[in-house]
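> Input: one structure, supplied below.
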Amino acid sequence: MKIICIGRNYADHINELKNNRPTEPVIFLKTDTSVILKNQPFFIPNFSNDIHHEVEVLIKIKKIGKHIDPKFSHKYYDEISLGIDFTARDLQSELKSKGLPWEKSKAFDGSALIGKWVDKSIFNDVNNLNFSLELNGNLAQKGSTSLMLWSIDEIISYVSKYFTLKIGDVIFTGTPSGVGPVNINDQLIGKIEDEEFFKLKIK
Ligand code: MG
């Protein structure tokens, strides 16, 4: 199982990090050991003093595909979830400034929270899902998949040009604005529409 992440997929988040708007999707990978095990907290790693939450809509691939035409992308996934792409922002900034790959800041153990999976058929339109992240009961991030620069179908097609998609692969589709630091004893709750998809403690 691989985890493929899309960066800079929401204009408001590109602006808050003062990044340039990409002309093609930005892709990076997370390791299999990045996934937080069920009912476990997120442990702040000792190599960062600035771990950020990035709430993102997730999709799970259900069939093998390569060079998928966007009009067939919908056949390659049934399930949707919500998760967090935890990012060691201080380390990422250092790596970016040196022109180095981001993996140490993005793919470390525990850097991927995957919430519960639901069938996409429960939603009227996957291209218009409202989602949010609460930090200690306060709204920290909110977004809508309607604001993505590249839609889910376009992402699946684009990613499959480079990587064969396999059953169980997970795609993180990018975060809206509002990213920020987490601290010990924080609690994060993620929702799509009004439904809770995860609750996580920071340790
Ligand atoms: Mg992200």
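> Can you tell me the alpha carbon radius of gyration of the chain divided by the globular rule-of-thumb value 2.2 N^0.38 Å?
Its radius of gyration relative to the 2.2 N^0.38 Å reference: 0.95.
> Same structure again: I need the phi-derived Karplus couplings for segment 157-170: 6.51 cos²θ - 1.76 cosθ + 1.60, θ = phi - 60°, integer Hz, Gly and Pro marked x.
For segment 157-170, the Karplus curve yields 4, 5, 4, 6, 5, 9, 10, 5, 8, 10, 4, x, 4, 10 Hz.
> Right, something else. Hey, which of these cross-link pairs are over 30 Å Cα-Cα: LYS30/LYS142; LYS106/LYS191; LYS120/LYS203?
LYS120/LYS203
> Which distance in Å, rounded to a whole number, links the C-alpha centroids of segment 146-194 and segment 1-32?
9 Å
> Then there is this: Mind giving me the FRET efficiency for LYS63 and GLN40? R0 is 35 Å, r the Cβ-Cβ distance, nearest 0.05 is fine.
Rounded to the nearest 0.05, the efficiency is 0.75.
> Could you report the accessible area of LYS66 in Å², rounded to 10, computed with a 1.4 Å probe on the protein chains as they sit in the structure?
Here the residue's solvent-accessible area equals roughly 90 Å².
> Of all beta bridges DSSP finds with both residues in the chain, what is the antiparallel percent, to the nearest 5?
Antiparallel bridges make up about 90 percent of those DSSP assigns within the chain.
> Around ASN9, which amide H atoms from residues at least 5 apart in sequence, or from another chain, sit under 5 Å from its own amide H, with H modelled in the peptide plane?
Excluding prolines and chain starts, which carry no amide H, the hits are THR175.
> May I pose another question? Which FRET efficiency, nearest 0.05, do PHE47 and MET1 yield, Cβ-Cβ r, R0 22 Å?
On the way: r = 25 Å, r/R0 = 1.13.
Efficiency, from the Cβ-Cβ distance: 0.30.
> How much area per residue is accessible in segment 76-203 when the probe is 1.4 Å and only protein heavy atoms are counted (Å²)?
I get 43 Å² per residue for this part.
> So, how do all the Cα-to-Cα distances of segment 139-193 break down into 5 Å bins, in percent, from 0 on up?
4, 14, 21, 19, 16, 14, 10, 4, 0
> Stretched out fully, how many nm does the piece from GLU154 to ILE167 gain, at 0.36 nm a residue minus the Cα gap?
2.8 nm
> Expressed as a whole percentage, what fraction of the accessible surface of the chain belongs to carbon and sulfur atoms when a 1.4 Å probe is rolled over the protein heavy atoms? Please report the intermediate quantities before stating the final value.
Details: 4740 of 9680 Å².
That share works out to 49 percent.
> Under the Karplus relation 6.51 cos²θ - 1.76 cosθ + 1.60, θ = phi - 60°, what is the ordered set of whole-Hz ³J(HN,Hα) values for segment 76-90, x standing for Gly and Pro?
Using θ = phi - 60°, the values come out as 9, 8, 10, 10, 10, 9, 10, x, 10, 9, 5, 9, 7, 5, 5 Hz.
> Next question, about the same structure. Between PHE43 and residues 5 or more places away or on another chain, which pairs have amide H atoms under 5 Å apart, with H built 1.01 Å from N, and which residues are they?
Result for PHE43 returns LYS203.
> A further question on this structure: So what are the ³J(HN,Hα) numbers for segment 177-185, from phi and the Karplus equation (6.51, -1.76, 1.60; θ = phi - 60°), rounded to whole Hz, Gly and Pro as x?
Couplings: 5, x, 4, x, x, 10, 10, 4, 6 Hz.
> Within segment 116-147, whose backbone N sits under 14 Å from a point 7 Å along Cα→Cβ of ILE189?
Only 132-141 fall inside the zone, counting backbone N under 14 Å.
> Which order do the peptides 148-157, 114-123, 45-54 take when ranked by the mean count of other beta-carbon atoms within 10 Å per residue, highest first?
148-157, 45-54, 114-123
The values are calculated or read from the model by the stated rules, or taken from the named source; none is laboratory data. Given the structure is predicted, the values throughout are model-derived calculations rather than measurements. Backbone-built Cβ (ideal geometry, glycine too); neighbour counts: all protein chains shown. The area values use the complete protein model at the heavy-atom level, side chains included, leaving out ligands, DNA and RNA. Shrake-Rupley method; radii C 1.70, N 1.55, O 1.52, S 1.80 Å.
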